[in-house]
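What follows is a set of notes on a single structure, which appears directly below.
Quick note: the coordinates plus some simple rules give every number you see, no bench work behind them. All values derive from a computational prediction rather than experimental measurement. Positions of Cβ are backbone-derived with ideal geometry, glycine not excepted, and every protein chain shown enters the neighbour counts.
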There are 2 protein chains.
Amino acid sequence: MRLSELETPCLVLDRGRLEKNVTVLRRHIEGLGSRLRPHGKTAKSIDVMNLALDHRSGGITVSTLREAEYFFAQGIGDILYAVGIAPVKLDHVADLIRRGAAMTIILDTIEQARAASLKGRERGVAFPVLIEIDCDGHRSGIGGDDPLLIDLGRFLHREEGVELKGIMTHAGGSYNCGTIEDIRRMARQERQGALTCADALRSVGLPCDTVSIGSTPTATLTEDLSGITEVRPGVYMFHDLVMAGLGVCTVDDIAMSVLASVIGYQKKKGWIIIDAGWMALSRDRGTAQQVTDQGYGLVCDCQGSPFPDVIVTATNQEHGIIARRGGGDIDFNTFAVGSPVRILPNHACATGAMHDRYYVVDGTDEIVAVWDRINGWEDGPQV
Amino acid sequence: MRLSELETPCLVLDRGRLEKNVTVLRRHIEGLGSRLRPHGKTAKSIDVMNLALDHRSGGITVSTLREAEYFFAQGIGDILYAVGIAPVKLDHVADLIRRGAAMTIILDTIEQARAASLKGRERGVAFPVLIEIDCDGHRSGIGGDDPLLIDLGRFLHREEGVELKGIMTHAGGSYNCGTIEDIRRMARQERQGALTCADALRSVGLPCDTVSIGSTPTATLTEDLSGITEVRPGVYMFHDLVMAGLGVCTVDDIAMSVLASVIGYQKKKGWIIIDAGWMALSRDRGTAQQVTDQGYGLVCDCQGSPFPDVIVTATNQEHGIIARRGGGDIDFNTFAVGSPVRILPNHACATGAMHDRYYVVDGTDEIVAVWDRINGWEDGPQV
């Protein structure tokens with residue numbers, strides 16, 4: 001079956017590119033003496049994660065408890081839930097642990113630690129905990145010079161119901177770097193921030209077995225992982241236009257695209273209308289601040305070859321407008337009504353999230369598999 | 001059961017506000033002598049659409065064939081699919097028609113009309129067709145002075161497999177209006193654009209039974225619907241911060257919110273961290289160009305009362321940062337770790353799309369029902 005036979009819009013994944021991306025980064029991390037704990041937040045698919053793991057036992061990272069449930073049901077037991085724990089979710093994590101999952105949580109406040117200790121004692125489990133560290137000021141975490149780090153470490157080490165496993169940080173600021181050298185600097189800062197906090201805990205006699213870092217830009221460009229026990233990138237499996245704009249990959253490495261159909265024109269304006277809008281492409285405009293603004297995505301033919309400088313310039317819910325970047329003529333004959341096109345995404349996490357499955361190809365437009373994705377959060381109680 | 005018992009993030013719908021919103025607009029449209037054909041693209045829920053229809057037989061509008069399948073299975077037979085038809089979807093529409101649905105399609109090219117005629121003859125159906133008109137230059141459709149309108153009308157009237165039912169337009173440009181008077185002007189322009197094209201078809205002896213218009217801003221503020229047979233708004237059921245910014249509703253009319261939990265702080269920066277990021281709130285920044293920029297949403301307590309000028313200023317995938325608009329002190333005691341908050345959305349269509357169901361409340365934090373939503377496109381073939 002060919003892509004051109006599918007109802008549009010839908011999500012396409014190139015398996016050859018995926019396999020290359022996961023192999024290159026795994027070898028890089030292992031070559032530096034550390035271990036990959038791939039983040040499932042982008043893939044949300046057991047088929048993709050199995051390729052990323054390649055039979056390693058280093059476990060995975062997740063961004064939702066729904067991912068945790070799904071991957072655990074698929075046989076992956078070692079799971080780090082890398083969003084600061086909300087007390088209302090502790091019962092669910094305890095359930096997973098009691099069913100046999102090696103679930104680790106993260107936190108950065110005494111209030112969360114108290115709630116976890118209380119719930120752990122109530123449910124007869126000890127939650128493994130990493131303290132979240134702030135290495136770049138972009139979001140959550142404790143600064144390396146904050147006395148809270150040691151207070152929290154002592155609490156987690158002392159109290160029942162919780163167990164101090166180490167620290168984790170995420171250099172999310174690397175997405176805003178301007179040059180490769182900036183990303184390398186951020187990678188050094190991420191590693192150093194983690195090591196400083198690990199040393200601070202150890203210097204007062206606290207355990208810190210796990211020193212966990214990771215973002216796709218820093219993981220790709222790091223040159224030194226000594227002292228780092230695991231690295232947690234996610235986007236690297238697919239890459240995207242933001243990563244290409246950063247210089248972390250090339251456009252030819254991007255494994256994810258959205259298949260759409262041409263449904264009309266405004267020829268005087270140089271517009272082609274397609275049936276993929278922000279609902280299929282996402283609202284992400286991550287390339288807007290980069291040197292090359294890719295609009296809502298770069299347009300390719302059905303085999304996956306880009307049309308240079310032809311992008312999705314605007315979107316409504318189920319409509320996209322294709323035009324030449326900066327205006328200019330477009331060959332309407334190449335885009336007959338009904339023609340399938342493939343759109344490379346700004347941000348693979350955001351675009352993937354709009355779809356329930358991948359139509360898998362391998363360098364052509366022939367579909368070789370269909371892989372499901374697990375979106376959303378919990379099913380929750382029916383009232 | 002209370003909202004505070006739910007795992008976060010999740011989607012909350014206030015039934016009282018929904019009922020008020022659907023009643024006010026239905027009375028307005030019917031009072032002007034026209035009929036509502038509510039758009040299901042925002043609600044994607046039979047429970048919401050049944051309230052919007054209130055037992056009327058005027059049919060509904062959909063933005064995907066998945067919505068069409070879902071609403072048809074729930075007993076709604078009269079369905080307008082209001083995205084220019086892609087030839088690859090004609091077989092599916094023919095299936096729906098052969099199963100008894102009164103499905104209408106839209107198009108604005110001869111190529112689509114030829115494909116529909118061919119497929120209609122092949123499948124033994126006549127696709128009811130509305131010609132899409134461009135009333136404001138924002139997207140698709142034929143201009144009123146384009147000779148293609150009559151050519152297309154004649155083709156659809158003459159050929160087998162298709163049946164000319166009339167015309168439709170959508171004043172999407174109304175979302176960018178600056179004042180109430182601008183929206184009223186846009187409403188007049190939308191109506192006039194539709195009537196001009198309807199008259200042009202009729203003047204050469206072609207039928208034009210349906211004259212269909214509609215957007216939430218123009219439908220809310222129109223003062224004259226003479227000659228208009230149906231109006232197709234969708235967002236009005238929930239309203240959102242973009243609509244409030246336009247003056248189409250007040251903040252107190254907004255029926256949709258995202259429930260999140262406080263999971264940490266950066267107190268020196270005046271930040272509260274919650275577990276709702278762009279995955280739960282959407283990337284939509286529709287208020288960025290309005291007088292009051294609401295960030296990624298306005299923060300309310302668990303009962304739904306807004307904290308003035310407290311907004312979500314930044315998001316990552318599963319993290320949001322709450323701060324005071326423009327900086328300034330925030331009362332951290334009001335936002336203890338674990339506290340539930342509700343975030344009003346910029347754009348109800350985009351925020352709703354990130355969730356699988358509504359937790360329904362009615363003015364308080366007590367859950368009175370759970371209603372499912374139907375996201376995505378077709379399940380497609382398994383290869």
**Request:** One decimal, nm, shortest first: give the distances between the label point of B:ASP54 and those of the same position in the other copies, each label point 7 Å from Cα along Cα→Cβ.
**Result:** 6.3
**Prompt:** Tell me, B:PHE238, B:PHE307 in order of fewest to most beta-carbon neighbours within 10 Å?
**Reply:** B:PHE307, B:PHE238
**Message:** Quick check on region A:253-346: what are the equivalent-ellipsoid semi-axes from the Cα gyration tensor, as sqrt(5λ), descending, whole Å?
**Reply:** 18, 14, 13
**Request:** Relative to the longest principal axis of the C-alpha atoms of chain B, give the angle of the C-alpha long axis of helix B:180-203, reported between 0 and 90° and rounded to the nearest 10°.
**Result:** 20 degrees
**Request:** Mind pulling the per residue volume of the convex hull built on the Cα atoms of region A:122-183? Å³ is fine.
**Result:** 101 Å³
**Request:** Classify region B:54-159 as rounded, prolate or oblate from the Cα gyration tensor: take a ≥ b ≥ c as the square roots of its eigenvalues, call it rounded if a/c is under 1.5, otherwise prolate when a/b beats b/c and oblate if not.
**Result:** oblate
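What dipole magnitude, in Debye to the nearest 20, does chain A give about its Cα centre under +1 on Lys/Arg Cβ and -1 on Asp/Glu Cβ?
Value, rounded to 20: 140 debye.
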**Sequence-distant residues sharing a close amide H with A:VAL361 (under 5 Å, placed H)** = A:LEU13, A:ASP14, A:ARG15, A:VAL368
**Item:** Shortest-first distances to equivalent copies, position A:GLN192, nm, label 7 Å out along Cβ
**Value:** 6.6
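Please list the equivalent ellipsoid semi-axes of the protein assembly as shown, computed as the square roots of five times the alpha-carbon gyration tensor eigenvalues, in descending order and whole angstrom. Before the final figure, lay out each step's value.
Details: eigenvalues 431, 171, 99 Å².
Semi-axis lengths for the protein assembly as shown are 46, 29, 22 Å.
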**Prompt:** Taking K and R as +1 and D and E as -1, what net charge do the other residues with C-beta under 11 Å from the C-beta of A:ASP47 add up to?
**Reply:** +3
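Per the Kirkwood treatment, what hydrodynamic radius in Å, one decimal, follows for chain A from the mean inverse distance over all distinct Cα pairs? Don't skip to the end; give the middle numbers.
Values: mean 1/r = 0.0458 Å⁻¹.
It is 21.8 Å.
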**Message:** Compute the angle between helix B:15-31 and the longest alpha-carbon principal axis of chain B, please, reported from 0 to 90 degrees and rounded to the nearest 10.
**Reply:** 30 degrees
**Request:** Using DSSP to define loop residues, name the GluC sites (Glu not before Pro) in region B:1-99 whose beta-carbon has at most 14 other beta-carbon atoms within 10 Å.
**Result:** none
**Item:** Distance between region A:311-383 and region B:282-302 - C-alpha centres, whole angstrom
**Value:** 26 Å
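Under a Cβ-Cβ cut-off of 9 Å, what is the net charge of the residues other than A:GLY161 that fall near it, where Lys and Arg count +1 and Asp and Glu count -1?
Neighbour charge sum, excluding A:GLY161 itself: -1.
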**Message:** Among the listed pairs A:LYS41/A:LYS165; A:LYS44/B:LYS20; A:LYS20/B:LYS41; A:LYS20/A:LYS165, which have their C-alpha atoms separated by more than 27 angstrom in this model?
**Reply:** A:LYS44/B:LYS20; A:LYS20/B:LYS41; A:LYS20/A:LYS165
**Request:** Enter the angle in degrees (range 0 to 90, nearest 10) between the Cα long axis of helix A:110-123 and the first principal axis of the Cα atoms of chain A, meaning the one along which they spread out most.
**Result:** 80 degrees
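Please work out the FRET efficiency for the pair B:ASP331 and A:ASP151, using the Cβ-Cβ distance as r and a Förster radius of 35 Å; give the result to the nearest 0.05. Walk me through the intermediate numbers first.
Details: r = 23 Å, r/R0 = 0.67.
With R0 = 35 Å, the Cβ-Cβ based efficiency is 0.90.
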**Fill in**
Once phi for every residue in region B:131-144 is put through the Karplus expression 6.51 cos²θ - 1.76 cosθ + 1.60 (θ = phi - 60°), the whole-Hz ³J(HN,Hα) values, with Gly and Pro written as x, are 7, 7, 10, 9, 9, 8, x, 7, 7, 8, x, 9, x, x
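Considering Cα pairs under 8 angstrom that are at least six residues apart, work out the relative contact order of chain A and quote it in whole percent.
Relative contact order here is 20 percent.
Mind putting a number on the dipole of region A:243-363 about its Cα centre? Charges go on the C-beta only, +1 for Lys and Arg and -1 for Asp and Glu, and I need it in Debye to the nearest 20.
Numbers: 9 positive and 12 negative charges, 83 e Å.
I would put it at about 400 debye.
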**Asked** Put the label 7 Å from Cα along Cα→Cβ for A:ARG121; what are its distances to the other copies, in nanometres, shortest first?
**Response** 8.1
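Does region B:137-268 come out rounded, prolate or oblate, given a ≥ b ≥ c as the square roots of the eigenvalues of its C-alpha gyration tensor, rounded meaning a/c under 1.5 and, failing that, prolate meaning a/b above b/c?
Values: a/c = 3.00, a/b = 2.35, b/c = 1.28.
The shape class here is prolate.
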**Request:** Arrange the following residues from fewest to most other Cβ atoms within 10 Å of their Cβ: A:ARG154, A:ARG184.
**Result:** A:ARG154, A:ARG184
**Complete:** Filtered hits (aspartates and glutamates, Cα-Cα < 16 Å from B:LYS119, offset >= 8 within chain) -> A:GLU5, A:GLU7, B:ASP91, B:ASP95, B:GLU111, B:GLU159, B:GLU160, B:GLU163
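Rounded to the nearest 500 deg cm²/dmol, what is the calculated helix-only ellipticity per residue at 222 nm for chain B, with -39500 (n - 2.57) per DSSP H run of length n ≥ 4?
On the way: 11 runs with 113 residues, N = 383.
Calculated mean residue ellipticity at 222 nm is -8500 deg cm²/dmol.
To the nearest 20 debye, what is the magnitude of the charge dipole of region B:79-140 about its Cα centre, counting +1 on the Cβ of each Lys and Arg and -1 on the Cβ of each Asp and Glu? Please list the in-between numbers first.
On the way: 8 positive and 8 negative charges, 75 e Å.
The dipole magnitude comes to about 360 debye.
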**Message:** Just to check I understand the Karplus step: with θ = phi - 60° and J = 6.51 cos²θ - 1.76 cosθ + 1.60, what whole-Hz values come out for region A:39-55, glycine and proline as x?
**Reply:** 8, x, 5, 8, 6, 6, 8, 5, 5, 5, 5, 5, 5, 5, 6, 6, 6
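Give me the net charge for the shell around B:ILE183: Cβ to Cβ below 14 angstrom, other residues only, Lys and Arg +1, Asp and Glu -1.
On the way: positive: B:ARG184, B:ARG185, B:ARG188, B:ARG191; negative: B:ASP136, B:GLU181, B:ASP182, B:GLU190, B:GLU223, B:ASP224.
Cβ neighbours under 14 Å give a net charge of -2.
Give me B:VAL262, A:VAL310, B:VAL291 sorted ascending by neighbouring Cβ count inside 10 Å, so fewest comes first.
On the way: B:VAL262 25, A:VAL310 22, B:VAL291 7.
Placing the least packed residue first, the sequence is B:VAL291, A:VAL310, B:VAL262.
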